[in-house]
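We did not get these values from a lab; they are worked out from the coordinates using the rules stated. Predicted model only: the values in this text are computed from it and were never measured. In this analysis, Cβ positions are derived from the backbone assuming ideal geometry, glycine residues included, and neighbour counts consider all displayed protein chains.
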Amino acid sequence: MTPDLARALASLTTGIYVLTVADGETGHGMSASWVTQVSGEPPLVLTAVGRKHLSHDLIERAGWFGINVLGRRSRHLEDYFYSEASRHRANLDKWRWEPSRHGVPLLCDALVNLECRVSGRLEVGDRTLFVASIEHVVWRDSDVPLTSQDLEYVFVGEVVHRDKRRGDGGGAT
């Protein structure tokens, strides 16, 4: 990816989320920013998950996942799930979470939790796009949603740091 393209993609504003999925009795989560609503009736969302990421196969098997919308006060969740410390199967062990009606782990520190049932999938590039219906919503806070503009970095297929997004540091890292 060219530095100009990486900076241009980094200027697209995205929300910051943690996708969660059950792995038996264990919960697993991943940092995500490629999430969006794609239908109003019925309400459907889409997320792009790398096929090499552990969460991918877990979502494929379960057919359910959670979208945990992060607020500014739950930034610590993004810091953890973005870090190397989260790169293991049972990475929800250190966080408070509750299972949804269908066993999806919902993070108690999130702004809002969406319990999602996979209704379609499409392989594109190095990702699978999972289209899902929203089966249940849990509001937990009245915080302001965290966005890519609140972070020092953004993921565009590679990590681009803020100084490089603004053009004062050259290409993507």
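Of note:
- Using a simple spin-label model with pseudo-atoms 7 Å out from Cα toward Cβ, T26 and S142 lie 3.9 nm apart.
- Summed residue charge, Cβ within 13 Å of K94's Cβ, Lys/Arg positive, Asp/Glu negative: -2
- From least to most packed, judged by other beta carbons within 10 angstrom and beginning with the fewest, T2, T128, T147 follow the order T2, T147, T128.
- Max mean-square fluctuation residue, GNM over the chain, Cα-Cα springs under 10 Å, options V45, V154, V124: V124
- Percentage relative contact order, the chain, counting C-alpha pairs under 8 Å, at least six apart: 29
- Correct option for P(r) over Cα pairs in 10 Å bins from 0, in percent [calculated from the coordinates] among (i) 8, 27, 23, 10, 7, 7, 7, 6, 4, 1; (ii) 10, 38, 37, 13, 1; (iii) 11, 41, 39, 9, 0: (ii)
- Sparsely packed loop sites in region 11-105 (the trypsin sites (Lys or Arg not before Pro) outside DSSP H, G, I, E and B with at most 15 other Cβ atoms within 10 Å) comprise R51, K52, R87, R89, K94, R96, R101.
- Full-stretch length increase - E135, Y80 - with 0.36 nm per residue and alpha-carbon distance subtracted: 17.1 nm
- Total formal charge among the other residues, if their Cβ is under 9 angstrom from that of R73, Lys/Arg +1 and Asp/Glu -1: -1
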